[in-house]
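Read the structure below first, then the notes.
The values are calculated or read from the model by the stated rules, or taken from the named source; none is laboratory data. Every value quoted in this text rests on a predicted model; they were computed, and no experiment measured them. Quick note on the areas: whole protein, heavy atoms, side chains included, nothing else; ligands and nucleic acids left out. Shrake-Rupley method; radii C 1.70, N 1.55, O 1.52, S 1.80 Å.
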Amino acid sequence: MIFSPRFLRVTALLAASAVVRLSAAQPAPAAAAPAAAKPGDEMVNQLMLPDADIDTMLTALEQLTGRMIIRPQQLTTATYNLKIKSPVTKAEAIVAIETSLALNGIGLSPLGDKYLKVINLQVVKQEAPELITGSAFSQPATGKPAAKIFQLEFARAQEVQAQIAGSLNPLYGGAVVLQTANALLITDSISNLQRAELLLQTIDKPFTAGTKPKFYQLRDAKASDLVNKLRGIITGPLQQQMGTATSYSADDRTNQIILITDPRQHAFFDDLIERLDRKADPNTRTEVIYLKHAKATDVVNVLSKIISGTTTALQRQGSASVRPGQTPTPATPAAPAAPTVVSASNAANAEGANEFSALMTVVNDDRSNAVVVFGTADDIRLVRALIDKLDIVLPQVRIEVVIAEVTLDDQSASGISALGLKVDGDKLIGFSGSTVGASISNATIKRPGATGPWDLAAEISLNTTPRKRQNAITTVPTVVTSHGKQAKFFNGETRPVVTGTIQSAAGVSTGLASSSTVTQQQIGTTLTVTPFIGVDGAVQLDMVQSVEDVTGEVLVDQNKQYVIGRRESTNYVSAKSGDIIVISGFRKKSKLSSASRFGPIPIIGDLLGSRSKGDTMSELVFFVRPVVLANNPAVDNADAMRRIDGWPSRDEVKKEIDPRFVPPKKSLIEKILP
């Protein structure tokens, strides 16, 4: 026999109705019957719905609830297998059917007390599901959708929404924030609403719930400094573990730290603060470094350039750069402000940092010739190491100069030849004794191996062969200077020069009176030398020679003024210690008149004698000899002491130099011929 689908569906509905009715009509044992049955407590012996469709499930739900079900035109097609063989109450049977429907995307929305509307589960929120006004636990835990408003007292609804989103069914759209009322409207299954209620009961508590304040009175540390240190320590995962409820602040007025946190964390802060509240030297300090040889201003200029250069390099490098041997640090979440960094390097090696901190400051004190340093211990260590290398005795040089004015004649081509010297190839010859044949290169006389006293003026003028009478040594200065320090020689005179005239009324009878401003004008020969001494004994000389002389006179506002001629040259030469540098070429023409006496009578003889007039040419020749000193008085002063030995007053001079000096006893010849 073949049955139609409609016949089979009707038969299933009748069977379901029969199962529900028979099970509900079956009398319970007399001993187990309650004294007064509550609605929904009627027993259902079995709930057997094998291979049932949606219509069968809804018909069974109508039988159990006593409500009529309003169905849409189309419903999701599914096959249900609900088999409950043990006896259950009617309310439990309703829960089973509603949960089975929810698992297949079917939701129910109550319309009063008589109807139930069948809808898709995704639109339950818009179809006014059952609104639970009391606790969600007043309903049986089921998959039936319902809505509930959760009123919050302490927590913020917007913050709580994100915290419970993961525990809700996303098909219902999650919680809706009622910001004005600080509440959440949640539509979900009743079982999920019950879980949300438990979560919100745990979250919705006062911010200070479970926290307790504690005050730490500090002995040695400063409260604000220690709080900054704590903020630098408690960062990242440690801060997240403590939570936002933990706070600590400084009260510098009473030098206390105020801590608000869970009492279980008090022990952690007790130990940490106790170890940090120790007496210690300040991280920064000031030190005065006295110099022995260098000038404080010069040393500070060098240190300032080094410090500024280091700071600029660190800024250019940037805090995110990676040094050799390091690996990039991954990005971390934002943390509270870290304490002030006082060191430019976090190197943890035993020797300390090798870079200057941001607090580094150096100032010179010229009065005591000292460098005042402010910074960390590493800063002072680095500066002291630099100063030890800078504060040294600079090489010194003794510069001997002979300036000779030589009158040139027709046979003399230059001042050098007029002195009886001449250049033969690369040799300057004409010196007597051991100096004959000393080589010359670039006007530099070289005397390798020369030892003993060597008077530059005597070597040039007195011992030349043949000796010329036209030369005249104008000055023989000697000065001692250091590397890079300028030495200046001047030989000449000063003459008054009128620079301004003021006229004023002196009276009716006297008329105008005038007053003049007069300055002194230097006129002569100037030699400026700046030596640069190499480590190998070589000396570079930056020399400027200038010669001024009066070439005439003029009247300016009835004041006699001098016409001054000036010649200047600049030379930069290199020489070894003891070499002689020769510079010539400064020539000048002058008028010369002479008369020879005729007869022994002074006046008549002069009148009758012959007369001659003419022009004469003279030339200045500079001889410069640098001698590098050994910074040893016994060696550097040996030549001067040998000269003193030739003086009649040598004993008196040596006594003034060295109070412990004892004059030697005079010989008999010295007593007779002093």
| request: Express in Å², to the nearest 10, the accessible area of Val393 obtained by rolling a 1.4 Å probe over the protein heavy atoms while all chains stay in place. | output: 70
| field | Thr478, Thr616, Thr180, ranked by accessible area, largest first (probe 1.4 Å) | value | Thr180, Thr478, Thr616
| request: Could you please put Lys576, Lys144, Lys295 in sequence from largest to smallest accessible area, using a 1.4 Å probe? | output: Lys295, Lys576, Lys144
| request: Report ³J(HN,Hα) in whole Hz for each residue of segment 122-137, in order, from the Karplus equation J = 6.51 cos²θ - 1.76 cosθ + 1.60 where θ = phi - 60°; Gly and Pro get x. | output: 5, 10, 4, 4, 8, 10, 6, x, 4, 9, 8, 8, x, 7, 5, 6
| said: My understanding is that a pair violates if its Cα-Cα distance is over 18 Å; which of Lys85/Lys117; Lys117/Lys144; Lys389/Lys576 do that in this structure? | reply: Lys85/Lys117; Lys389/Lys576
| request: Express the carbon and sulfur contribution to the solvent-accessible surface of segment 185-284 as a percent, rounded to the nearest whole number, probe 1.4 angstrom. | output: 52
| field | Å² of accessible area per residue within segment 101-186, as computed with a 1.4 Å probe and no ligands counted | value | 52
| For Leu116, residues with placed amide H under 5 Å, excluding near neighbours | Met68, Ile69, Ile70, Leu111
| query | From the backbone phi of segment 257-263, what are the Karplus-calculated ³J(HN,Hα) couplings (6.51 cos²θ - 1.76 cosθ + 1.60, θ = phi - 60°) in whole Hz, Gly and Pro given as x? | reply | 10, 9, 10, 10, 6, 5, x
| Taking a probe of 1.4 angstrom, what is the accessible area of Arg381 in Å², to the nearest 10? | 90
| field | In Hz, Karplus ³J(HN,Hα) per residue of segment 44-49 (6.51, -1.76, 1.60; θ = phi - 60°; x = Gly, Pro) | value | 10, 5, 9, 10, 10, 10
| task | Mind grabbing the accessible area of Ile580 for me, 1.4 Å probe, Å², rounded to tens? | result | 0
